[in-house]
Amino acid sequence: MQQDRLFHQTRLRLAGWYAGVMGCTLALFGFGTYGVIAEAYGKTIDRGLESVTGILAQQIEPILERPERLSQLANYLRVCLPKAECLPAIAETQPPLTNLTSPADYYIRLLDPEGNPIMVGGIELDELAITPGDQQWRTVTDSQKNRYRQVSLPLHLQDQVWGYVQVGRSLQDLDENLEDLRWMLLLGCPIAVMLVGVTSWWLSELAMQPVYRSYQYMEQFTADVAHELRTPLAAMEATIEADVRLHRKSEGSPGIDRETISVFQRQTARLSQLIKDLLLLSRIDRRELAGRHRLCCLNNLVSDLVEELAFLAVEADIQLSLKIRVQQPVHILGDEGQLYRLVSNLLSNAIQVTPEGGQVTVILDRVDQHALIHVQDTGVGIALEDQARIFDRFYRVGQERSRRTGGSGLGLPIAQAIARMHRGSIQVKSELGKGSVFTLRLPLQ
């Protein structure tokens, strides 16, 4: 399978599709996992903050009912009011409020209704801006770009808002964990796609094996049938030829009439040519002709072909011309006989599809490291929907015209197969009613 270009490209595309689909699936899964983890972690932090803030509010509100003990609240927060004496705790056995949290990760603030700070604990004021307490949830950033999640709850005194208690938590651990997760996804997804690509390449080979075996069976069947038909056809040709000679010697003797013999000869010749074409395609597919390459001069090849096919153009009342746009001889490495067949097929096809009074031009050119042979005609043209199929075997554009000219639908496929055998290609540009241009591109020696 590695030696067959068509199946190799198909296998490559199949593996690419496998890897692409799995890569997109892994990417979507990674983004989804990242979003779920980030949201779950954020909700956990919010629930913890809300719980801590609720406990603080419940413990602070009873103190607000006795103003003489308000200054003692500073001792609970481990920070004294400006210009105020720190009074002893209400009960030495009662733990400070800040023990509910870790001072390194949390901060606590008491704000008045206007949002001015009364007491703070944890993060220093100059590191983190103070925000009003009327908005319950906020995510704030300090001067070092560290993020904090903050919740504010109102403190009530006699059914009025006395102020707000704010509790914030550092999101550094969340950001670090999410950064590690991002790196893991960024590095893991490409590695996973590479592994999927290798696996897809192996799986595509397994998937292509039945198709490739079927193709080989068809190829072998075509070659065998074509080979076996050569013998009876040769016998038929010999019999018809003998009958023709016998009929010529005895004009008055009964026998097959000339018209019938002529039909037999034409059809036998057509079948014989068809079998030769099938055998040639089979040998090209099997790469049995790949070792016959030698240095060929395209200048001489196209000149000989134009000279040889000039009589066909004269019979069809078509002007056949040759234009060589290169100063030096153009040489390529290939099988001269097969290249001759290739250009002959293109040129014969152009003559057949060009009406009387038309023109067929063969142009030899060179671009970069490639030789170009353009076969241009002023024929009927090829519809756009047919241009993609004209190189398919046994496909004929215009069935009635093909039958009239005796085409079998193998001329262009043979030309395409020979071009690929020489690492070349054939492109077609055509417009209905204006003609076609077939361009053969071959790598230079």
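Derivation of every value follows stated rules applied to the coordinates shown; laboratory data play no part. This one's a predicted model, so the numbers in the text were calculated from it and none came from an experiment. Here Cβ is always computed from backbone atoms with ideal geometry, including for glycine, and neighbour counts include all displayed protein chains.
Worth a mention:
- Label-point separation, Gln387 to Asp368 (7 Å along Cα→Cβ), nm: 2.1 nm
- Contour excess over end-to-end distance, with Cα ends at Val314 and Cys24 and 0.36 nm allotted per residue: 98.2 nm
- R0 of 22 Å, Cβ-Cβ distance Lys323-Glu431: FRET efficiency to nearest 0.05: 0.60
- Pairwise alpha-carbon distances in region 294-443 exceed 28 Å for 14% of all pairs.
- Gain on full extension, evaluated as 0.36 nm per residue between Gln445 and Ala242 minus their Cα-Cα distance, stands at 68.2 nm.
- 3J(HN,Hα) along region 38-50, derived from phi through the Karplus expression 6.51 cos²θ - 1.76 cosθ + 1.60 where θ = phi - 60°, amounts to 4, 5, 5, 5, x, 5, 4, 4, 5, 5, x, 4, 5 Hz, with x in place of Gly and Pro.
- In plain terms, the chain from Ala269 to Leu12 could stretch by 88.3 nm, reckoned as 0.36 nm per residue minus the Cα-Cα distance.
- Two-site label geometry, Ile37 and Ala234: point separation in nm, points 7 Å out along Cα→Cβ: 7.5 nm
- With a threshold of 25 Å on the Cα-Cα distance, the over-threshold entries among Lys276/Lys323; Lys323/Lys434; Lys43/Lys145 are Lys276/Lys323.
- In this structure, Met194 and Val161 have a Cβ-Cβ separation that, at R0 = 56 Å, corresponds to a calculated FRET efficiency of about 0.40.
- Each 5 Å bin, from zero up to the one with the longest distance, holds this percent of the alpha carbon pairs of region 104-204: 3, 11, 17, 15, 10, 8, 7, 6, 5, 5, 4, 4, 3, 2, 1, 0.
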